[in-house]
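Heads up, the thing below is written out as structure tokens.
Rule-based calculations on the coordinates, nothing more; no lab input. Please read these numbers as outputs of a predicted model, since none were measured by experiment. We place every Cβ from the backbone using ideal geometry, glycine too, and count neighbours over all the protein chains shown.
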Amino acid sequence: MKFYVGHGRDGAEERLQNRGVSRREFMKFCGTVAAVMGMGPAFAPKVAEALTAKRRPSVVWLHNAECTGCSESILRTVQPYIDELILDVISLDYQETIMAAAGEKAEEALHQAISAPEGFVCVIEGALPTKNGGEAGKVAGRTMLEINREVAAKAKAVIAYGTCATFGGVQAAAPNPTDAKGVNDALKAQGVNAINIAGCPPNPYNLVGTIVAYLQGKKIELDDYNRPLMFFGDSIHDKCPRLKYFENDQFAKSFGDESAKKGYCLYKLGCKGPYTYNNCPTVKFNQTNWPVEAGHPCIGCSEPNFWDEMSPFYVEK
Ligand code: SF4
Ligand code: F3S
């Protein structure tokens, strides 16, 4: 994987073309981002403008206690040009999973990125173990807690990406032996107020939409959990294609039976869609499908403490 330094708008389009992304594909992508942000097709050129602006934001991406599924959700997109685009939108100066540098070179890259006079955006993936000074999670001999305290406090903006970074995720599930916390909880004393893109995994379009809004200097309206309302304003249930069955009391009784095959509501099989806020039904993953459409109940993965509060997953709440 190769990363480029911004060379202006023409440079951006040239870079994309070099990576096999046509102008048509790029504009289609911008149209989707506009739709995800709740805007009409006329907004697509504005998205394109933001994404190909002369200066790309420098991004430092920190990994903590996690499975790395959030990064994977970007890197494993079915249409290969989407991850190319996302990684081209930003100047990714530090990302432990995909950067070529290792050891001291990696540490040097981090130091340089956070000292750059133009500043940087910090994306955080994974929960922060906090027990005993955070000794359960270390990178390069320093605790994740210490690294995040230093880096996030210096950033121009912080985005917590995925449910582990936003709310602690599975690491924070009872009995939470490492006292793992989400970013805003763990870094309160440092004055960090991250925008929360929740989900396990989160949808990459929600990250791009947030970055576009940031580049445009737009005020991002947030809900009580710091999630952008443009992505998390409706419940899964509100937009679910099975809603008509719920309203008619037509429920699937077991997986694979006739009622499930007919597409009946999955509520009795444990669906937590009525208690979960996210845009999966409209944005989908890989723009192809999402859990409920594939026949699996929503398990509430974008909500705080979902491992404890939404489980058992296959039992009606
Ligand atoms: Fe609501 Fe879930 Fe039923 Fe869809 S499947 S209508 S989200 S309860
Ligand atoms: Fe998560 Fe429910 Fe969407 S489980 S991926 S919020 S359908």
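Which residue, Ala172, Ala106, Ala294, has the most motion in a Gaussian network model of the chain that connects Cα atoms within less than 10 Å?
Ala294
If you count the DSSP beta bridges with both ends in the chain, what percent of them are antiparallel, to the nearest 5?
Just about 30 percent of them are antiparallel.
Which whole number in µm²/s is D for the range 42-173 by Stokes-Einstein, with the Kirkwood Rh taken over Cα pairs at 25 °C and 0.890 mPa s?
Using the Kirkwood radius from Cα pairs, D works out to 156 µm²/s.
Take the cross-link list Lys219/Lys317; Lys188/Lys218; Lys46/Lys262; Lys188/Lys244 and give me the ones stretching past 32 Å between alpha-carbons.
Lys219/Lys317; Lys46/Lys262; Lys188/Lys244
Taking only DSSP H segments of four or more residues, each worth -39500 (n - 2.57), what value at 222 nm results for the chain once the sum is divided by all its residues, to the nearest 500 deg cm²/dmol?
The per-residue figure over the chain is -9500 deg cm²/dmol.
Need one number: convex hull volume per residue for the range 203-264, Cα atoms only, in Å³.
Once divided by residue count, the hull of the range 203-264 is 122 Å³.
Using alpha carbon coordinates only, what is the Rg to Rh ratio of the range 130-180, with Rh defined as the Kirkwood radius?
When Rh is taken as the Kirkwood radius, the ratio is 0.99.
How would His111, His237 line up from fewest to most surrounding beta-carbon atoms within 10 angstrom?
Starting with the residue having the fewest Cβ neighbours, the order is His111, His237.
May I ask for log10 I(q)/I(0) of the range 183-222 at q = 0.30, 0.33 Å⁻¹, from a Debye sum over the Cα atoms as equal point scatterers with solvent left out?
Ignoring solvent entirely, the Cα scatterers give -1.00, -1.04.
Let me check against my output: what whole-number percent is the relative contact order of the range 251-317, with C-alpha pairs under 8 Å and at least 6 apart?
It comes to 35 percent, rounded to a whole number.
Lone cysteines in the chain, going by a 4.7 Å Cβ-Cβ cut-off?
Those would be Cys30, Cys67, Cys70, Cys122, Cys164, Cys240, Cys265, Cys271, Cys280, Cys298, since no other cysteine Cβ in the chain comes under 4.7 Å of theirs.
Taking R0 as 51 Å, what's the FRET efficiency between Ala189 and Lys262 from their Cβ-Cβ distance, rounded to 0.05?
About 0.45, to the nearest 0.05.
Taking the Cα atoms of the range 217-317, report the difference between the largest and smallest coordinate on each principal axis, in whole Å and largest first.
Extents along the principal axes, in whole Å: 51, 29, 25.
Could you give me the percent of Cα pairs per 5 Å distance bin for the range 12-55, shortest bin first, beginning at zero and ending with the bin that holds the maximum distance?
P(r) for the range 12-55, in whole percents per bin: 5, 26, 30, 22, 13, 4, 0.
Figure the gain on full extension for Ser115 and Ala173 (residue separation times 0.36 nm, minus the Cα-Cα span) and round it to one decimal in nm.
Length difference between fully extended and current span is 17.3 nm.
When the C-alpha atoms of the range 97-220 are aligned to their principal axes, what extent does each axis show, in angstrom, from largest down?
Projected onto its principal axes, the Cα set of the range 97-220 covers 42, 33, 29 Å.
Can you give me the Kirkwood hydrodynamic radius for the chain, using every pair of distinct Cα atoms, in Å to one decimal?
Final number for the Kirkwood radius of the chain is 20.4 Å.
With labels modelled as points extended 7 Å from the Cα through the Cβ direction, what inter-label distance (nm, one decimal) is found for Val315 paired with Lys54?
6.1
Under 13 Å Cα to Cα from Lys284, which aspartates and glutamates show up? Leave out anything in the same chain fewer than 8 places away.
Glu293
GNM, the chain, Cα, under 10 Å: largest mean-square fluctuation among Ala102, Ala152, Ala48?
Comparing Ala102, Ala152, Ala48 in the GNM, the peak value goes to Ala102.
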